[in-house]
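Note sheet for the following structure.
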Amino acid sequence: MSNTLNNDLKQQLVADFQATESRLNGEAKTEVHQKRREAMQRFEALGFPTIKHEEWKYSNVNNLVKQTFDFNVKSDFGANDVETLEIPNLQGNVLYFVNGKYNAELSSIVSPESQLQILNFGRAVKENPELLATYFAHYANYQDDAFTALNTAFAHDGVVVHVPAGKIVEEPIILRFITDARTVNAASQPRNLIVVGKNAEVKMAEAFRTLGDNGSFTNVVTEIVVEENANVQYYKVQNETEKAYHIGTTQVIQKDKSHFYAVTVTVNGGFVRNNLNIVLDGQHCESFMYGLYFPNGKQHVDNHTLVDHAKPNSYSNELYKGILKDKSTGVFNGKIFVREYASKTNAYQSCRNVVLSDEASMNTKPQLEIYNDDVKCSHGTTTGKLNDEAIFYMRSRGIPQAEAVTLLMYAFCEDVISQIKIESIREYLSGLIVEKLAQ
Amino acid sequence: MLTITDLKASVDDKAILKGINLEIKPGEVHAIMGPNGSGKSTLASVLAGREEYEVTGGSVEFDGQDLLEMSPEERAAAGIFLAFQYPVEIPGVTTINFLKTALNEIRKSRGEAPLDAAQFLKLMREKAKIVNIDDALLKRSLNEGFSGGEKKRNEIFQMAMLEPKLAILDETDSGLDIDALRIVAEGVNKLRSPERAVIVVTHYQRLLDYIVPDYVHVLYKGRIVKSGSKELAFELEEKGYDWIKAEVAAL
Ligand SMILES: Nc1ncnc2c1ncn2[C@@H]1O[C@H](COP(=O)(O)OP(=O)(O)OP(=O)(O)O)[C@@H](O)[C@H]1O
Ligand SMILES: [Mg+2]
């Protein structure tokens, strides 16, 4: 096929898959593994996308797939590192994954099991196969998306969360994905499944951080099932290195009267692609999607969102904001689908950007596909500079230029940051953002 | 305190100030009046350091320093304050946060310790009384969605907080109802002191009933064409600017 790349990474992965499969023993017959195998076949057929692929037009993975990575890096990342990293003392259910492997020693689960069942993926395959059979890989599209196929084929670690019906989980779930690239090019493919039962509530965050000067590649997929009248707050926080490739898909399915809030904040990362796909498979649902990104240097941040209004009477609203500096590039692609039967849909989308350098660029592409007349939809994108009048106003009150600019930029982000309802995460991010903006 | 000598400024190569001379001493109040478009706000902006305006000639000395060499923030630290004719809306920055940053930056540049949250709040409560400004307003984003009158009141509140040596009030009276005008003007009067000078740019004698000026100047076509005592303002109120324009034309 002309629009796929044949390359080292693909060959490496095909070989890896065969090697892994030969070590599985009894697990090879499980439903999970049948999915893996199917996904691997799809990956082989699909290959990595080129920029000829419509969804990858502005995000070129050519430099990623030319590299090779170690998917099984042994890391001595431990409690000491947690401290020297200035990772804040997070409260709640905090789970560490180092190079994709669950680290039980660093992790702590505080919520009672009656509220929250958390297993790492490997244990879930053994201890809760029913849950995986019901949900795993039912939503994330491994048929058409090469990276999702790849992740599914290699789904061995990550988290499987089940919040039983009616449970309000008080303590947040914080998943820390640490990529230790201090010795070699490190790669990982975390796979998460979050099932939130009827009338249940949970707040969760995925935080990604890379260490070291070598290259890294994270290919993460999270499936989230929001059952009837459930409420989920989901935050994705990225603070990786200039050499880090991050490709992630968050696939959400919402049932009747459920609420889902997503906030995606990219503080740093070399090449970032976030797919947030929400299927509103219920009536009277609400979905909110917020995003923030601040690329500088040569960083590239691509956010693709897809909201699929499959049933009537639901509401979705998204707001993405970015500040681009230096030679950085950004992409926002927001697709809203309103299906034929989804009357009385309300869907709103807005993407606002501040581009601070002539060499930085932002590509925004709203796509509305509406097959019903009785809907309210709007979208808007703006790309501008900082308000000079406001800067002068602040300076005239004694605030130095640089400070005024930072203050304005922070103010621009404020309405997104304030959406984060896990205080420790919000404060951690505020600090990172102020620091980054002042650069 | 302030000595403006033959000041010329232009924007986009269009000359706007064409040779301004003005001397202001501590404690004095100078009113600047004049028809629309004559250059009053431009003069105020040039004094505050707005960079769009290119100074093409002349000098401005403030407390022995060359004002034109200073950045806007240095001027603020030196004690210049401009109450804007059109205060800028800044979404996402509360008035409180804005002023705290400003005040502490000014203190820092003077080698003073920053005020902590409690000290700042105390000062704020005290000063809020001067212009009778509502706490709720100060918690909102700066000027965002404020009514015209609220914006002007907020400007004077900021002046009270920053305690400048020279305050330039650019049409602070416009957009104020009668009661607000009195409150704001009384606020300014409370801030008058032997060390503090005020330049009041206005179109109306009404404001000068409250803030009684020592001098009144008429700015026309980029020049101060007439100066006098407070009686000049009455004369302008009564007769308009035609007689001044005629005088200038006759020269
Ligand atoms: N940034 C600018 N660009 C172009 N022209 C400008 C700019 N600023 C001021 N001017 C022009 O300079 C002249 C003086 O304007 P200025 O605002 O100083 O007048 P003013 O005396 O304050 O008037 P008003 O009484 O209406 O407030 C006007 O002709 C105005 O259009
Ligand atoms: Mg004016």
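The values are calculated or read from the model by the stated rules, or taken from the named source; none is laboratory data. On a predicted model such as this, the values are computed, not experimentally measured, just so you know. Glycine also receives a Cβ, built like all others from the backbone with ideal geometry; neighbour counts cover every protein chain displayed. Side chains included, ligands, DNA and RNA excluded: accessible areas come from the protein's heavy atoms. Shrake-Rupley method; radii C 1.70, N 1.55, O 1.52, S 1.80 Å.
Just a few scattered comments:
- Taking all pairs of distinct alpha-carbon atoms in chain B, Kirkwood radius in angstrom: 18.7
- Table column - 3J(HN,Hα) (Hz), region B:114-129, Karplus curve with 6.51, -1.76, 1.60, x for Gly and Pro: x, 7, 7, 4, 5, 4, 5, 4, 5, 4, 5, 4, 4, 6, 4, 5
- Cα point-scatterer Debye curve for region B:157-233, base-10 log of I(q)/I(0) at q = 0.13 Å⁻¹: -0.40
- Summing charges over neighbours of residue A:433, with a neighbour being any other residue whose Cβ is under 11 Å away from its Cβ, gives -1 when K and R count +1 and D and E count -1.
- Each label point was placed 7 Å from the Cα along the Cα-to-Cβ direction; for residue B:36 and residue A:38 their separation is 7.2 nm.
- Taken over the Cα atoms of the protein assembly as shown, the convex hull encloses 193 Å³ per residue.
- Estimated buried accessible area (total), pair A and B, 1.4 Å, Å² to nearest 100: 2000
- The fraction of all Cα pairs in region B:38-166 landing in successive 10 Å bins from 0 to the largest distance is 12, 40, 34, 13, 1, given as whole percents.
- Three-way shape call for region A:48-184 based on the alpha-carbon gyration tensor, with the a/c threshold at 1.5: oblate
- Local electrostatic count at residue A:198 - Lys and Arg +1, Asp and Glu -1, tallied over other residues with Cβ under 15 Å: -2
- Residues of region B:44-62 that bury at least 30 Å² of accessible area once all protein chains are present, compared with their chain alone (1.4 Å probe, heavy atoms only, ligands and nucleic acids left out), are B:50.
- Ellipticity at 222 nm from helices only: DSSP H runs of n ≥ 4 in chain B, each -39500 (n - 2.57), divided by the residue count, give -12500 deg cm²/dmol.
- The mean number of Cβ atoms from other chains found within 10 Å of a Cβ in peptide A:403-414 is 4, as a whole number.
- Net charge of neighbours whose Cβ lies under 12 Å from the Cβ of residue B:209, counting Lys and Arg as +1 and Asp and Glu as -1: 0
- Average other protein chain Cβ within 10 Å of Cβ, residues B:135-145: 1
- Pair-distance profile P(r), taking every C-alpha pair of region A:268-362, with 5 angstrom steps and integer %: 3, 14, 24, 18, 14, 10, 8, 6, 3, 0
- Residue A:91 versus residue B:214: modelled label distance in nm, points set 7 Å from Cα along the beta carbon direction: 5.9
- Whether region A:94-245 is rounded, prolate or oblate, judged on the alpha carbon gyration tensor where a/c under 1.5 counts as rounded: prolate
- Considering all C-alpha pairs of region B:18-91, those separated by over 15 Å amount to 61%.
- To the nearest 10, the accessible area of residue B:140 is 100 Å² with a 1.4 Å probe.
- Helix B:95-109 and the long axis of chain B differ in direction by around 80°, with both axes built from C-alpha atoms.
- Residues in region A:190-228 that a label on residue A:439 would reach, taking backbone N under 15 Å of a point 7 Å out along Cα→Cβ: A:209-213
- Point-to-point label distance, residue A:29-residue B:227, nm (Cα→Cβ direction, 7 Å offset): 10.3
- Excluding ligands, DNA and RNA, the accessible surface per residue across chain B is 44 Å² with a 1.4 Å probe.
- Peptide-level mean, for A:384-393, of C-beta atoms on other protein chains within 10 Å: 5
- Sites residue A:242 and residue B:126, calculated FRET efficiency, Cβ-Cβ separation with R0 56 Å, nearest 0.05: 0.70
- Global form of region A:4-281, assessed from the alpha-carbon gyration tensor, a/c cut-off 1.5: rounded
- Per residue of chain A, the DSSP helices (runs of n ≥ 4 H) give a summed -39500 (n - 2.57) that works out to -7000 deg cm²/dmol at 222 nm.
- By the Cα gyration tensor, region A:386-439 has an equivalent ellipsoid whose semi-axes, rounded to whole angstrom, run 24, 11, 8 from largest to smallest.
- Note on residue A:22 and residue A:104: the extension gain reaches 26.9 nm, defined as 0.36 nm multiplied by sequence separation minus the Cα-Cα distance.
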